[in-house]
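**Student:** Got a structure for you, questions after.
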Amino acid sequence: MNAQVIELKNVSLRLGDGASSVHVLKGVSLTVERGHSTAIVGPSGSGKSTLLMVMAGLEKIDSGEVWIAGERIDQLSEDAVASFRGRSVGIVFQSFHLIPNMTALENVAVPLELAGHPDAFAVAERELALVGLKDRVTHYPGELSGGEQQRVAIARALAPQPAIIIADEPTGNLDQTTGRTIADLLFSTAAERGTTLVLVTHDPALAARCDRQVTMRSGRIEEPLAETAGGA
């Protein structure tokens, strides 16, 4: 099995049209090893979140190659990418992105149902219990704290047993104590399952917990894959 679960080859991407077009990614090449945690850091506007969206197949590149879990996703149709993402990539956003009129259980189960999972609600209930929300499954997002909402989002991302978890500022909307708890949960669960974790963060302490850090500046990788002493 290939040790590289993510491989980007000379990826370029422009957003916008005409004079307002912005060259967001400029020939980015990056590999991420299976089961490792990687932090993508750098100033605002450097292309970090866009790079995550490319890895998730949520942004179409202009040129280059995007290989995720052995599949070249930049050549797939939109439907095929969506199906692949549902199986192989879990996403955790800063702002949770929960559906407000669905319970915690439904928020985790519905994506599984849409993917054709036969035991969607049983799996969702188990995942919510594993993130400490066994007694909150019938609550709606508006009835949950920020930390609890992020736990639901993590359960939703982990439920399909993806090869990769992508997290964009996963603690950015949380207070320091809650953020630390959510980070502990994310790292420990990924380690237990052997899941590859790639996250964008402005928090140096969170980045230092990763096996590697990648610095982006002006759409390019400035310091490729420097080893850190911390690890998860």
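The values are calculated or read from the model by the stated rules, or taken from the named source; none is laboratory data. If you're wondering where the values come from, they're calculated on a predicted model, not measured in any experiment. So basically every Cβ, Gly included, is an ideal-geometry build from the backbone, and we count neighbours across all protein chains shown. When the accessible area is computed, the model is the full protein with side chains, heavy atoms only, and any ligands, DNA or RNA have been set aside. Shrake-Rupley method; radii C 1.70, N 1.55, O 1.52, S 1.80 Å.
**Student:** I want the antiparallel fraction of DSSP beta bridges within the chain, as a percent rounded to 5. Intermediate values should be presented prior to the final figure.
**Tutor:** Details: 20 of 37 bridges.
Given both bridge residues lie in the chain, the antiparallel proportion sits at roughly 55 percent.
**Student:** Using a simple charge model, +1 on the beta-carbon of Lys and Arg, -1 on the beta-carbon of Asp and Glu, nothing else, what dipole does the stretch 1-159 show about its Cα centre, in debye to the nearest 20?
**Tutor:** Numbers: 14 positive and 18 negative charges, 81 e Å.
Computed charge dipole of the stretch 1-159: roughly 380 debye.
**Student:** Ranked highest first by average number of other Cβ atoms within 10 Å, how do 105-113, 172-180 line up? If you can, show how the numbers build up before the last one.
**Tutor:** Details: 105-113: 20.9, 172-180: 15.2.
Put in order of decreasing packing, that is 105-113, 172-180.
**Student:** Here's something else I'd like to know. Hey, can you find the accessible area per residue of the chain for me, probe 1.4 Å, expressed in square angstrom? Don't jump to the answer; show the numbers that get you there.
**Tutor:** Numbers: 10840 Å² over 232 residues.
Value for the chain: 47 Å² per residue.
**Student:** Same structure, new question: Would you mind working out the magnitude of the charge dipole of the stretch 77-232 relative to its Cα centre, with +1 at each Lys and Arg C-beta and -1 at each Asp and Glu C-beta, to the nearest 20 Debye? Show your work: numbers first, answer last.
**Tutor:** Details: 13 positive and 20 negative charges, 37 e Å.
My answer is approximately 180 debye.
**Student:** Within the stretch 1-76, list the trypsin sites (Lys or Arg not before Pro) lying in a DSSP loop whose Cβ has at most 13 other Cβ atoms in a 10 Å radius. It would help to have the intermediate numbers written out before the result.
**Tutor:** Values: sites: 9, 14, 26, 34, 48, 60, 72; in loops: 34, 60.
Sites meeting the loop and neighbour criteria: 60.
**Student:** To the nearest 20 debye, what is the magnitude of the charge dipole of the stretch 86-138 about its Cα centre, counting +1 on the Cβ of each Lys and Arg and -1 on the Cβ of each Asp and Glu?
**Tutor:** On the way: 4 positive and 6 negative charges, 27 e Å.
Approximately 120 debye in magnitude.
**Student:** If you don't mind, another one. Could you tell me which residue out of 96, 3, 130 lies farthest along the dipole of the chain toward its positive end? Charges go on the beta carbon: Lys and Arg +1, Asp and Glu -1, centred on the Cα centre.
**Tutor:** Projecting each Cα onto the dipole axis, the largest value belongs to 3.
**Student:** Right, here's the next one. Could you tally up the Lys pairs in the chain with alpha carbons closer than 18 Å? Skip any pair fewer than 8 positions apart unless they're on separate chains. Walk me through the numbers on the way to the answer.
**Tutor:** Numbers: 9/26; 9/48; 9/60; 26/48; 26/60; 48/60.
Step by step, the pairs that qualify in the chain add up to 6.
**Student:** I would also like to ask the following. When the C-alpha atoms of the stretch 27-94 are aligned to their principal axes, what extent does each axis show, in angstrom, from largest down?
**Tutor:** 33, 28, 23
**Student:** Measuring from label point to label point, each 7 Å out along Cα→Cβ, what is the residue 177 to residue 19 span in nm?
**Tutor:** Roughly 5.3 nm, to one decimal.
**Student:** Report the calculated FRET efficiency for residue 129 and residue 34 (r = Cβ-Cβ distance, R0 = 22 Å), to the nearest 0.05. Walk me through the intermediate numbers first.
**Tutor:** Numbers: r = 27 Å, r/R0 = 1.23.
For R0 = 22 Å, the calculated efficiency reads 0.25.
**Student:** May I pose another question? Restricting to bridges with both residues inside the stretch 96-232, how much of the DSSP beta-bridge set is antiparallel, in percent to the nearest 5?
**Tutor:** Details: 5 of 10 bridges.
Expressed as a percentage, antiparallel bridges in the stretch 96-232 total about 50.
**Student:** So for the stretch 2-41, Kirkwood radius off the Cα pairs, Stokes-Einstein at 10 °C and 1.306 mPa s: how many µm² s⁻¹? Let's see the in-between values first.
**Tutor:** On the way: Rh = 11.9 Å.
Result for D is 133 µm²/s.
**Student:** How much mean residue ellipticity at 222 nm does the chain get from its helices, if each DSSP H run of length 4 or more adds -39500 (n - 2.57) and you divide by all residues, to the nearest 500 deg cm²/dmol?
**Tutor:** Details: 7 runs with 77 residues, N = 232.
Helix contribution divided over all residues of the chain: -10000 deg cm²/dmol.
**Student:** Can you give the FRET efficiency for residue 72 and residue 95, using 1/(1 + (r/R0)^6), R0 = 22 Å, r = Cβ-Cβ distance, to the nearest 0.05?
**Tutor:** Details: r = 30 Å, r/R0 = 1.38.
It comes out at approximately 0.15.
**Student:** Now for a separate question. Using a 1.4 Å probe on the protein heavy atoms, what percent of the accessible area of the stretch 1-124 belongs to carbon and sulfur?
**Tutor:** The C+S portion of the solvent-accessible surface of the stretch 1-124 is 50 percent.
**Student:** Taking only Cα atoms, what is the 0 to 90° angle, nearest 10, from helix 78-88's long axis to the longest principal axis of the chain?
**Tutor:** For helix 78-88, the angle is close to 60 degrees.
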